[in-house]
Each structure stands twice: as structure tokens, then as C-alpha cells.
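Here is the structure we will look at, set down as C-alpha cells.
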Amino acid sequence: MQEQMKELRSWIESSDNIVFFGGAGVSTESGIPDFRSVDGLYHQKYQYPPETILSHTFFMTQTEEFFRFYREKMLCLDAEPNPAHKKLAEWEKAGKLRAIITQNIDGLHQKADSKEVLELHGSVHRNFCMRCRKPYSVEEVAARTGVPHCTCGGIIKPDVVLYEEGLNTHTMNESVRYIQNADILIVGGTSLAVYPAAGLLDYYRGKKLVLVNKTPTPADHRADLVIHGAIGEVFSQL
């Protein structure tokens, strides 16, 4: 692993066009549960599977139950950025990192002071009335009980991409653009099992694809550098 770390440091030092693509593993070290890990939400017992609860159909038909789960399991407002979030923000400030593309909805990259963050699956920090589009803060949604309603009577929906919903076209297009033009693409904390997000790797044209993850991924054989380890620990050494 030390040889890989040495090579990665060398690449980073000589680049001013790094793009980072991250998944749930980036936030688990901040105390936010991962869906698919052994300790993740998918392995806990609920009346309905999380995949069902976090679907558009469930949101529309059993809205109160959705918000009970959402407030309890999806809102981790006390979480703080870990070394991975902080290092990425540091690289951006130094002019090395062009963009962060994330599957996470927790806003921790922004909390670490990163500016160019493309949120593929939305953010818990943005909420809007489905009727009049009035915005609401996550604190307002968290503080209420039951189904949150707007002053106009409409239901307030978190701006997160649920199962059965498509990704934002502009966000996807911008992600593709950054990845196509990247010198170094670092992929971290993701099993690369969720599509279409995992398919973004196909747009990378460079020869410095770095995969950092605790466990092997389906794309390890395509990478130019593979580091197996917790992303916060790896990034704290860079």
C-alpha cells in the first residue's frame, strides 16, 4: 500500500485537474450509515425494506411513514466533515481539484468548504413545496412531526432522488464534462454498484484512474491505481 500511496502523492503534486467521484463510504467515517455495508441500513430490520421506503411510489402513497423513516435514518445534521472531506476542500483551494461528484445527500463536502460539488442524488438541505415550490430548510423539516406542509397546504418534499426517479440532467452532464476532461479521476468510498452513477467511469479518457475503497469493486481491473482502505485514513496520509 505504501508504494501506491507514494505514487498517488506524486500524481497529485503534479496535477491541477483532479476530479473526485465519491459514494457513501466518504461519509461513514463521519457517522452517517451506509446502505450496503454490513452495518448499513439495508441490514437492519424495518416494517418495509429501505429500498421500498425510499421510492417515489412509497413517498406518494405512504408519506407519513416515509417521513418517520427519513427523519430517523436519513437526517444526520450533527455529522462533521472527516479528513477526506477536508483534504478535498484543501485541494480545491490550492487549485488542484476541479470538482467533486458525489452520490451522498448529506452536504458534508459543502460543510468542509468545497465549492464545486455536483450532487447526483440531491441534498437533504434543499426542500421545496410540491405545489408552489417554496423552499424550506432541513431544520424546518426535521423539527416537524408527520408530513410537513407548506403555508399553501402543499406537501414539502426533500430534494433527494428517490428510487424510480431520474437523476438531474444538468448535474449528470456537468459530471460527464468534468470526468472527460480530468487528468486524474479519484473514485472513493463507493461499491460502484448503483447505476447510472457508476457508469460515469466510462467517460474518463485519462490514464490515472484511482480507486480507493475498503473492499474490491467491479472496476478494480480498469484502474491504474487501487488502494484498499478507509478513505478518511488514506486521505489523511496525502
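The values are calculated or read from the model by the stated rules, or taken from the named source; none is laboratory data. Because the structure is a prediction, the values reported are computed rather than measured. All Cβ positions, glycine included, derive from the backbone under ideal geometry; neighbour counts span all protein chains shown. Calculation scope for accessible area: heavy atoms of the full protein, side chains included, ligands and nucleic acids excluded. Shrake-Rupley method; radii C 1.70, N 1.55, O 1.52, S 1.80 Å.
Here is how the numbers come out for the structure above:
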item	result
Overall form of the range 103-163 per C-alpha gyration tensor (a/c, 1.5; a/b vs b/c)	prolate
Cβ-Cβ FRET estimate between Glu3 and Cys152, R0 fixed at 41 Å, reported to 0.05	0.10
Cross-link pairs Lys6/Lys207; Lys87/Lys157; Lys73/Lys96 - those with Cα-Cα distance over 27 Å	Lys87/Lys157; Lys73/Lys96
Dimensionless Rg over Rh [the range 139-190; C-alpha; Kirkwood]	1.18
Accessible solvent surface per residue of the chain, calculated while the other protein chains remain in place, 1.4 angstrom probe, Å²	49
Extension reserve of the Thr145-Arg133 stretch, reckoned as 0.36 nm per residue once the Cα distance is removed	2.3 nm
GNM top mover of Ala143, Ala112, Ala99 - the chain, alpha-carbon springs below 10 Å	Ala143
Largest to smallest principal axis extent of the C-alpha atoms in the chain, angstrom	56, 35, 30
Rounded percent of accessible protein surface that carbon and sulfur make up, the chain, 1.4 Å probe	49
Part-to-part distance (alpha-carbon centres) for the range 96-158 and the range 162-238, which is given in Å	23
Gain upon complete extension [Ala94, Glu13; 0.36 nm per residue less C-alpha separation]	28.1 nm
For Met172, solvent-accessible area (1.4 Å; no DNA, RNA or ligand), Å²	40
Gain upon complete extension [Thr169, Thr52; 0.36 nm per residue less C-alpha separation]	39.7 nm
Computed Kirkwood radius, in angstrom, where 1/r is averaged over Cα pairs of the range 44-151	15.6
For the chain, size of Cβ-based charge dipole, Lys and Arg +1, Asp and Glu -1, in debye	360
FRET efficiency, Leu238 to Tyr195 (Cβ-Cβ, R0 25 Å, nearest 0.05)	0.30
Candidate residues Thr215, Thr52, Thr102: accessible-area rank, largest first, probe 1.4 Å	Thr215, Thr52, Thr102
GNM flexibility winner over the chain from Gly153, Gly95, Gly22 (Cα, springs under 10 Å)	Gly153
Those trypsin sites (Lys or Arg not before Pro) in the range 119-155 that DSSP places in a loop and that have at most 11 other beta carbons within 10 Å	Arg133
Student exercise, the range 1-141 dipole from Lys, Arg, Asp, Glu Cβ charges, in Debye to nearest 20	360
Amide H within-cut-off set for Lys134, under 5 Å, with H built and near neighbours excluded	Cys129
For the chain, with +1 on Lys and Arg beta carbons and -1 on Asp and Glu, the positive-most of Ala198, His121, Ala223 along the dipole	His121
